[in-house]
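Report on the structure given below.
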Amino acid sequence: MSDYYGTLGVAQDASPEQIKKAYRRLARQLHPDVNPDPGTQERFKEVSAAYEVLSDPAKRDLYDRGGDPLGAGADGGFGQGFTFTDIMDAFFGQQGGGQRGPKSRMRRGQDALIRLEVELAEAAFGTTQELTVDTAVACGRCSGSGAAEGSEPITCETCRGRGEVTQVQRSFLGEVRTARPCPVCRGFGTVIPDPCPECSGDGRVRSRRTITVKVPSGVDAGTRVQLSGQGEVGPGGGPAGDLYVEVDVVPHRIFNRRDDDLLCDVHVPMTAAALGTVVDLPTLEADTGTPDVQSTVPLEVRGGTQSGEAITVRGRGVPRLRGTGRGDLVVRVVVDTPSRIDEEQADLLKRFAELRDEDRPAGQFVPTHKGVFGRLRNAFGAR
C-alpha cells in the first residue's frame, strides 16, 4: 500500500491545513496543464490519491489503522471522493468545501439611497425631517418564511437537501466530479411547494413608510447620512440593509459656500467707499426661523476701500462637521459708479477732481494678473 504521507511530504501527525498546503504546492507543480510529461501525470495521480485519503477524516483513520480506503479504485485516478473543486482549491487557494452545501434563504437586504433637498441654513445648523420611502419589508402574512399558512419548505428531492448536484466525467486524469447549484431548488436545499400568496415565496413585500432623518450641522452637498437597518429587508425575512440619505443643498439667495466659509458680495456707492460706512449684513442664522437670533451684523467698510477688496467676519461661517468652531464670512466689496448724474452732481464731481488734481488723469497700467483678477484672487483666497 502506498505511503500517502510520504507522497505529500508531510508527517503522520500533520494537521488538515498542513496537508492541504502540501497538496496545493505539489498540484501546482505536477498538474498536466503545467507539466504534460507522462511520468509527471502518474505522479500527479499519486498525489491526488494521497490527498483524497488524508483530507477525509474517515479515510485517513482507516488508512492509519492499516486499511485501504481506496480499495480497487486506488488506481482509477481520483477515486470516489475527489472533485474538480479540489483542483480549483489547489490553484486559487480557496478554502476547500467552504462554499459547498445548501445556502440559506435568509439573506441580508440591499442598501438603499435617497436624496434629501435642504436649505443652506439647514445644512449649516442641522435639521430633522420626515421622509417617505418605498422599500421592501418583511411579509406580514408569512413572517418572511415565503410559505403559505400551514405549510413549510420541504427537502429538495433532486439534490436531497445538499443544494448542489454533481456531474461525473471520465478523462485521461481519471474520474472528475463537477459540483454546481441544484437547478430545482437553486441551491437552497429546500423547495416551497405552497408559496405565500402575498409575497409569492420571496418573504418580503413593497411598502411605503415614514422615517425620521436627523441631518447633523455642517453637512455639505453630497454628504451621505447612514441610517443602519433602514434599507431593504432581505429575502426570506433576512436583516435589512442600510439606508443612505444624500444631501442636496439648494442655492442661497445671498451666500455661496466654500468649505466651511460663506461668501457674499456687498455693493456700496463710490461715495460710501471713499468716506467709509457701516452696512447691516444679513446672517445665515436668520433663515433658521429661530426667535431672538441676531438677524444682521454690522459690517464696517473703511474709507478708501477699493472695489474687489474682501472683509472677513470671523466665526460667522458654517459649523465644522467633524470639529469645533465655525468658518468665516468673507464679504467682497463692489463699488458702484453712478451711470447717470445731473448737472449739479457733475459740477461737484468736476470740482472734486480739480481739488485732487484728477481732472485729466493719465491713468495707471498694471499687469493683468496684478489687476482685476489678482484682486479677485486676493478677495477669496487671502485671510
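Coordinate-derived values only; no laboratory data. Note that the coordinates shown come from a computational prediction; the quantities given were computed from them, not determined experimentally. When we count neighbours, we look across all protein chains shown, and the Cβ atoms used for this are built from the backbone with ideal geometry, even at glycine.
In sequence order, what are the phi-derived ³J(HN,Hα) couplings for region 345-360 according to the Karplus relation 6.51 cos²θ - 1.76 cosθ + 1.60 with θ = phi - 60°, rounded to whole Hz, with x for glycine and proline?
5, 5, 5, 5, 5, 5, 4, 4, 5, 5, 5, 9, 6, 10, 5, 10
Please give the length that would be gained between R115 and D336 if that part of the chain were fully extended, namely 0.36 nm times their separation in residues minus their C-alpha to C-alpha distance (nm, one decimal).
Extending this stretch completely gives an extra 75.5 nm.
At a Cα cut-off below 13 Å, give the aspartates and glutamates reachable from K103, other chains included and same-chain residues fewer than 8 away excluded.
Straight-line reach from K103, under 13 Å: E164.
Among the trypsin sites (Lys or Arg not before Pro) within region 195-227, which fall in a DSSP loop and have no more than 14 other Cβ atoms within 10 Å of their own Cβ?
Of the trypsin sites (Lys or Arg not before Pro), not one in the loops of region 195-227 has a Cβ with at most 14 other Cβ atoms within 10 Å.
Round to the nearest 0.05 the FRET efficiency obtained for Q294 and D134 when R0 = 45 Å and r is the Cβ-Cβ distance.
0.60
Starting at the first residue of region 19-25, write each ³J(HN,Hα) from the Karplus equation 6.51 cos²θ - 1.76 cosθ + 1.60 with θ = phi - 60°, in whole Hz, x for Gly and Pro.
5, 4, 5, 5, 5, 4, 4
S228 to T324: FRET efficiency via 1/(1 + (r/R0)^6), r the Cβ-Cβ distance, R0 25 Å, to the nearest 0.05?
So the FRET efficiency works out to roughly 0.45.
Just to be sure I understand the model, the point goes 7 Å from the Cα along the line to the Cβ. What's the resulting E358 to S151 distance in nm?
Calculated label separation equals 9.3 nm.
Which parts of region 322-336 would a label at D259 reach, counting a residue when its backbone N lies under 17 Å from a point 7 Å out along Cα-to-Cβ?
322-331
How large is ³J(HN,Hα) for each residue in region 138-152, as worked out from phi by the Karplus curve 6.51 cos²θ - 1.76 cosθ + 1.60 (θ = phi - 60°), to whole Hz, x for Gly and Pro?
4, 5, x, 7, 10, 6, x, 6, x, 9, 5, 4, x, 10, 7
Quick one: which residues, 5+ away or cross-chain, put their amide H under 5 Å from the amide H of R204? H built at 1.01 Å from N.
Here C139, G236 satisfy the definition.
Quick one: which residues, 5 or more positions from T127 or on another chain, have an amide H under 5 Å from its amide H? H modelled 1.01 Å from N in the peptide plane, none for Pro or chain starts.
Residues meeting the criterion, in which the H sits 1.01 Å from N, are V215.
Could you pull out the trypsin sites (Lys or Arg not before Pro) across region 227-272 that fall in loop regions by DSSP (anything but H, G, I, E, B) with no more than 14 other Cβ atoms inside 10 Å?
Passing both the DSSP loop test and the Cβ count: R253.
What nm distance separates the two modelled labels at E17 and R209, each placed 7 Å from Cα along Cα→Cβ?
With each label point 7 Å from Cα toward Cβ, the separation is 4.2 nm.
Any lysines with Cα under 18 Å of the K45 Cα? List them, leaving off those in the same chain fewer than 8 positions away.
In chain and number order, the partners are K20, K21, K59.
What residues have an amide H closer than 5 Å to that of G317, excluding those fewer than 5 places away on the same chain, when H is modeled at 1.01 Å from N in the peptide plane?
Those lying under 5 Å, H to H, from G317 are G327, D328, L329.
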